[in-house]
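The values are calculated or read from the model by the stated rules, or taken from the named source; none is laboratory data. The structure presented is a predicted model; accordingly, all values stated were derived computationally and were not measured. Backbone-built Cβ (ideal geometry, glycine too); neighbour counts: all protein chains shown.
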Amino acid sequence: MINDLKKDCDTRMQKSIDSLEGSFTKVRTGRAHPAMLKDVMVPYYGTDTPLNQVANVGIEDARTLLVQPYERTMIAAVDKAIRNADLGLNPITGDVIRIPLPALTEETRRNMQKMARAEAENARVAVRNIRRDVLADIKELLKEKEISEDEERKGSEDVQKITDKYIADIEKALHAKEAELMQV
């Protein structure tokens with residue numbers, strides 16, 4: 001019973017780490033990466049559609065993304081969607097769409113670091129909330145007399161160890177992202 005709760009706790013915390021890594025891909029580091037445009041939605045025949053379903057997103061060089069819409073008529077809509085995505089990017093439109101990434105200034109790097117820290121804090125809060133939920137479930141089992149006090153104490157300690165492990169993983173990911181951001 002407690003083992004099931006611990007497995008559930010581990011699975012949910014791993015999802016928080018995965019979400020953090022996904023959030024970190026949005027924080028640009030000066031190098032072009034197709035994942036930067038992952039959340040851009042393009043109006044396609046009256047429906048908002050993810051960019052990667054209406055265009056091929058690739059890397060032209062280290063500082064330029066290349067977007068090739070599958071239909072020529074979509075070039076203007078894709079351009080407009082990228083401009084409206086609030087990513088600070090200015091596409092250059094021709095037969096294809098080129099998106100040059102501006103060089104990061106010191107101030108921009110600091111702002112990106114703040115964004116990364118905020119995402120890491122959100123992940124920490126999510127992990128702690130999962131811990132709180134699992135500990136409440138363990139206490140409920142004790143209250144229902146399905147487990148003993150010793151089992152409750154041992155289960156709580158195990159959940160805390162799992163939580164500590166994931167918090168350390170978040171810190172490691174944050175330090176790696178900060179180092180990547182400050183690289184010139």
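Which count do you get for residues in the range 1-53 that are closer than 29 Å to Leu104 by Cα and in contact (Cβ under 8 Å) with a residue 24 or more places away in the chain?
Counting residues in the range 1-53 that are closer than 29 Å to Leu104 by Cα and in contact (Cβ under 8 Å) with a residue 24 or more places away in the chain gives 22.
Only one of (1) in a helix (DSSP H, G or I); (2) modelled with pLDDT of 90 or more fails for Thr108. Which number is that?
(2)
Cβ contacts < 9 Å: first residue more than 14 Å from Lys7 (Cβ to Cβ), restricted to the range 128-141; second residue not in a helix (DSSP H, G or I), any location; separation 6+ or different chain. Result?
Glu140/Glu146; Leu141/Met1; Leu141/Ile147
Name the residues in the range 155-184 that are surrounded by 12 or more Cβ atoms within 10 Å (Cβ to Cβ), closer than 21 Å to Ile2 by Cβ and among the acidic types (Asp, Glu), would you?
Hits for the range 155-184 are Asp158, Asp164.
Right, Val78: of a type in the set (A, V, I, L, M), surrounded by 13 or more Cβ atoms within 10 Å (Cβ to Cβ) and in a strand (DSSP E or B) or not?
Working: of a type in the set (A, V, I, L, M): yes; surrounded by 13 or more Cβ atoms within 10 Å (Cβ to Cβ): yes; in a strand (DSSP E or B): no.
Answer is no for this residue.
Residues that are on the phi < 0 side of the Ramachandran plot, modelled with pLDDT of 90 or more and crowded, with 17+ Cβ neighbours inside 10 Å: which strands (runs of 3 or more DSSP E) entirely in the range 26-71 hold 3 or more of them?
Output list reads 64-69.
May I ask you to list the residues in the range 91-116 that are surrounded by 12 or more Cβ atoms within 10 Å (Cβ to Cβ), under 20 Å from Ala35 (Cβ atoms) and not β-branched (Val, Ile, Thr)? Before you say what the answer is, go through the steps one by one.
Taking the range 91-116 as the starting set, the residues that turn out to be surrounded by 12 or more Cβ atoms within 10 Å (Cβ to Cβ) are 91, 93, 96-102, 104, 108-113, 115-116.
Pick out the ones that are also under 20 Å from Ala35 (Cβ atoms) and you get 91, 96-102, 104, 108-109, 111-113, 115-116.
Answer for the range 91-116, where residues must be surrounded by 12 or more Cβ atoms within 10 Å (Cβ to Cβ), under 20 Å from Ala35 (Cβ atoms) and not β-branched (Val, Ile, Thr): Pro91, Arg98, Pro100, Leu101, Pro102, Leu104, Arg109, Asn111, Met112, Gln113, Met115, Ala116.
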